[in-house]
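Q: There's a structure below that I have some questions on.
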Amino acid sequence: MSVTVNFLGHSGLALESDGTMVLVDPFLTGNPKAVADPGTIEADYILLTHGHADHIGDTVDIARRTGAHVTAIVEVANEVADDLGEEHPVIDPNLGGTVEYDWGWARWVPAWHTSTTPRGTVNTPAGIVISIGGAKIYHLGDTALFSDLQLVPQRDTIDLACIPVGGHYTMDRHDAVVAARLVDAPKVLPIHYDTFPPIETDVEAFAKDVAADGREVVALKPGESLEL
Ligand code: NI
Ligand code: MN
């Protein structure tokens with residue numbers, strides 16, 4: 001496997017493999033923990049879990065500057081396409097849909113959450129299973145704990161699970177321990193915590209609980225990376 005997973009802070013990832021840069025949920029402007037500059041970050045593709053402001057983030061500005069292809073659930077995709085204009089490549093799957101790219105594929109899967117964009121477009125939130133550089137990464141998006149998380153690894157063996165742990169708007173660190181079991185990945189990247197006061201949590205305690213199940217938690221600080 002060969003992919004570098006850079007944590008952008010909150011739920012944001014920059015995945016780099018073989019010269020291609022794939023961003024997930026690039027929320028940089030207004031994110032007090034972000035270290036990447038939305039005015040210079042590279043992007044070839046942007047994937048979105050849902051349209052909340054802390055996920056759609058800088059998508060339109062980055063896509064406009066870089067020409068990056070954007071993929072999001074259809075209602076969010078339509079809003080982004082309106083902003084970017086007809087010529088800009090925007091892809092609009094729905095839950096269960098797999099999109100093939102020249103670098104791999106991504107599948108949008110259910111998440112239990114709500115979502116409306118800052119402009120008022122109601123949309124269905126998702127998680128994303130991403131195959132890149134020979135690795136399979138499951139970004140759970142914003143979600144509560146629910147039993148269908150266990151369906152994802154029945155089709156694909158997940159190498160890295162990116163799981164929200166901050167509570168309040170998503171599952172908390174205790175439910176996230178159960179989610180890590182259901183997804184059954186050897187490595188867990190905790191996301192969606194400590195960005196704002198309501199989602200502060202004890203990530204070291206989460207790591208200890210998950211380690212007791214034989215899984216490794218890699219708690220990256222914004223700007224840090226891991227290799228798969
Ligand atoms: Ni959300
Ligand atoms: Mn969120």
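The values are calculated or read from the model by the stated rules, or taken from the named source; none is laboratory data. All values derive from a computational prediction rather than experimental measurement. Reconstructed Cβ throughout: ideal geometry from the backbone, glycine too, with neighbour counts over all protein chains shown. To get the accessible areas, we keep the full protein, side chains included, count just its heavy atoms, and leave off ligands, DNA and RNA. Shrake-Rupley method; radii C 1.70, N 1.55, O 1.52, S 1.80 Å.
Q: With every protein chain in place, what's the accessible area of residue 92 (1.4 Å probe, Å², nearest 10)?
A: Rounded to the nearest 10, that gives 80 Å².
Q: Helix by helix through the chain, keep the DSSP H runs that span 30 Å or more along the axis on Cα and average at least -1.0 on Kyte-Doolittle, and give those back in order.
A: For the chain, where a helix must reach 30 Å along its axis and average at least -1.0, there are no hits.
Q: Could I ask something else about it? Counting Lys +1, Arg +1, Asp -1, Glu -1, what net charge surrounds residue 181 among other residues with beta carbon under 11 Å of its beta carbon?
A: Here the charged neighbours net out to -3.
Q: Follow-up. Ranked from highest to lowest mean number of other Cβ atoms within 10 Å per residue, what is the order of the peptides 217-223, 138-144, 97-103?
A: With the highest mean Cβ count within 10 Å placed first, the list reads 138-144, 217-223, 97-103.
Q: Take every DSSP beta bridge with both residues inside the chain and express the antiparallel ones as a percent of the total, to the nearest 5. Working shown, then result.
A: On the way: 31 of 49 bridges.
Beta bridges within the chain, antiparallel portion: roughly 65 percent.
Q: Around residue 1, under 14 Å between beta carbons, what's the net of Lys plus Arg minus Asp minus Glu among the other residues?
A: Net charge in that neighbourhood comes out at -3.
Q: Net charge within 11 Å of residue 196 by Cβ-Cβ distance, Lys/Arg positive one each and Asp/Glu negative one each, not counting residue 196 itself?
A: -2
Q: For 21, 1, 171, give me the order by solvent-accessible area with a 1.4 Å probe, most accessible first, ignoring ligands, DNA and RNA. Write down the numbers at each step before the final one.
A: Numbers: 21 30, 1 130, 171 5 Å².
Ranking 21, 1, 171 by accessible area, largest first, yields 1, 21, 171.
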